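Have a look at the structure below, then the notes.
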Amino acid sequence: MRLPSIILTAVSLVSWLIFQIFRTRVLQGNQARRHLSALEKLTEITTSISARIDSPQEALDQLARAACELLETERAGIALLEPDGKTLRVVAFVGDTMLESPAFYAVDDLPVCRSVLETRRAAFVEDAYHHASPINVEALNRFKAGSLAVLPLYVGGRLLGLLFTTTIKPQLYNDSKRRLAKLLGSQAAVILANNDLYKRMADALRNQQLLFEQREAIYAVNAAVYQASSFQESLQIIAELAPGVLDVDLCMLTLSYDEDRSQVAAVTRPHGADFVGKTFYRKGTNSEIVRATRRMLIVEDARNHPGTHPMFRDQLDTGSVIYLPLLRTGGQMMGTLVLIRHAAGPFRSEQLNLAEMFTSRAAAAIENAQLLDQTRNDAEAKTMLLRELNHRVKNNLASIITLLSLDEPEFSPAARQWLNRAIDRIRTMARTHDLFAGGIDRVPLMELVEQMIPSLSVVKPPGVDIRTDLATVRVLLRTERAVSLAMVLHELCSNAILHGTGSTGVVTIRAAMQRPEMKPGSIKGTMTVNLEVIDAGRGKAIDKPGEIQRVGSGGLGLILVDGLVTRELGGTFSLVPLKDGGSLARVQFPVGENEMETKGRR
C-alpha cells in the first residue's frame, strides 16, 4: 500500500517541478520579450531624438518623455551642470510639480545628486522618505518623489549633468529596469553630447558667416573711402556706413584742431549735420581721456556721465557711447571715432572687437585720404605755378622777338639771315612753351612736331613738302627735354630746306622706338627714340660720310644741335649722306618708363 502512495507523491513532485520549470521559462520569455521590446523602443526613441538635433529643446523634452515611458515613472527631467560645476540647471521636465519650481539648484544641497556626480554611478532610491542616507526633503516634496532614479550623464571624461525620474509611491527597481535605466542614461548622454557639438558647430558657422559679412562690409567701406573724390567726402562715407556695420545708431568723427580743441569732421546724416565744422574744447571730456590713453573708452550711460560733452549729449540723443582713437601709422593721434546708441546699456564683446578693427582700417583710410588730398592740392598748386611760369616764359620770348624786330638797321644779307634764324629759334622756343601753358607737364612727340612745323614758314618755300611718320612713337616729354628737342628739329629741318631741297622737294621727319642692348650700368626698362630728318637733296654728295657736317653760317646750327642732343637729351647726333645726294640727320636719345605714353596719361 505504501508503494503506490510513494509513486503518486513522486509523480506529483515531478509534475510540480515540470510546471515550475515551464512557468519559469514562460516568465523568462515574457521578461525577455519585454526587455527586447524596451530595447527596440529605446532604439526607436534615440533615433527619433537624434533626428531633432537641430532643435535642442525639443530633443531635451523628448528625452524626458522617453525616460517616463521606458521606466514607467510619472515624472522625469534633465538637469545640466553649469560651467562652475557647482550648480544644476533643470532644462527639461515632464510631469506635474509644485508651482514656481526653481530652475537652478546647488549641487551641495542635493546629497543624492552630488553622490551620483562624484561617483558617476546611478542611484535608485525605492522609498525616498525612509532612505537611510541624507536626502533633500524639500526637493522630494517639490518633485513628488516617493521613489527616484538618478542617472549620471557623461561622455568620455566629460560630465554633462543628470537624468532623473520620480514616482509618488515607493517602487522596486528590479535588475532589468536598472539595466534599462543605465542604458537610457548612456544613450541620453551621447545624444546630449552630439546636440551640444552640433550647437557649437552651428554657432561657430554662424559666427564665422557673421564675421565674414562684417569684414566684407568693412572692406566695402574702405573701398568706398578710397574712391571718394575728396577728403571730406571720405570722412562722410565713414560716418554714413559705420552704423550699419557696427550696429549703432550714428557715428561722429572728430579731428584734432589744436592742442586743446577738436573739430567735428563728419556726422551720420541727418543727426547733427549742423555740428560739422564746429570746434569744441576737449578738457574734462571723454575725448581728452581717449587722446591721453590712446585706448578705447566705453560709456554705457552717457546721459549721466560727466565726461559726455554737453554739446552732444541732448542734441544727438546720446544713450551709450564707444570712443575709439584714430591713430596714424606712427601712433600719432589724429582724432576720435565716436559710435553712439540712443539706448543706454552695455555693448557686446564681438561688437567692440569689430569696432576696433573698423577704426583701425578707417584710420588708415583717413590717413591715405589726407595724403591724397594734400598731394592733389600740391599738384594743383604746382600745375598753376607751372602754367604761370610757361606763360611768362612765352611772353618774355615774345618780348625778345619784338625787341629784335623794332627799329631794324640796314643789315647785310648775311647779317639779316643770321638775325632771322635767331628770331626763328626764339619763336620755336616760344611755341614749345605754349604747349605747356595749359597746365600739362608733358607733351607727346607728335604734338611737339606739329607745333614746330609752322615755325619753318620763314625758310620753307611753297614747293617744299614736309611729311611726318611718327605714329608708332608714343613718348611724353617734359618741358626742358621738349624745348631742346623742338630746337633740334627746327635746326635740322631748316638746314634740310636751305641746304638740301632748295625751292622744291620733300623733307621727312620719322621716328621709331627700339630697345638697346643691356650694358653694365644701364637702366632697366629704358627705350631709345630713333628720330630722323631726311631730305632728297640736289644731287650734291657729302664729302665725309658718317661725320657731322658743318653747314650754314660757320656750322653754328649743327654745333647747336650736337650740344643740345648731347647735354640736354643725353643722346647722340649724326649726319650721313644718301645715295641719291640727299642727307639723313639722325638723333638718338633714351626715354624711361615714366616717359612712355600710356592710355589716359598725359
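Each value in this text was obtained by applying a stated rule to the coordinates, not by laboratory testing. Quick caveat, the model's predicted, so the values are computed rather than measured. Ideal geometry is used to build each Cβ from the backbone, glycine not excepted, and the neighbour counts take in all protein chains shown.
Take each peptide in 345-354, 479-488, 300-309, count the other Cβ atoms within 10 Å of every residue, and average; sorted highest first, the result is 479-488, 300-309, 345-354.
Between ALA292 and GLU568, the distance separating the two model label sites (each 7 Å from Cα on the Cα→Cβ line) works out to 6.4 nm. The calculated FRET efficiency for ALA343 paired with ARG178, based on their beta-carbon distance and R0 = 56 Å, is about 0.50. Calculate the FRET efficiency for ILE168 and GLU216 from the Cβ-Cβ distance with a Förster distance of 60 Å, rounded to the nearest 0.05. With a Förster radius of 60 Å, E is 0.50. Placing +1 on the Cβ of every Lys and Arg and -1 on the Cβ of every Asp and Glu, with no other charges, gives region 225-375 a dipole of roughly 280 debye about its Cα centre.
Once the chain from ASN530 to VAL137 is taken as fully extended at 0.36 nm per residue, the excess over their C-alpha distance is 130.7 nm. Extending 7 Å from the Cα toward the beta-carbon at both ILE18 and VAL190 defines two label points whose distance is 4.6 nm. At an R0 of 25 angstrom, the distance between the Cβ atoms of LYS199 and ALA103 translates into a FRET efficiency of 0.85.
Counted residue by residue at 0.36 nm each, then reduced by the alpha carbon distance between them, the extension gain from ASP260 to ARG121 reaches 43.0 nm. Here the label points at SER5 and LEU556, each 7 Å from Cα along the C-beta direction, are separated by 17.3 nm in the simple model. The slack between ARG515 and ARG269, meaning 0.36 nm per residue of separation minus the straight C-alpha distance, is 82.9 nm.
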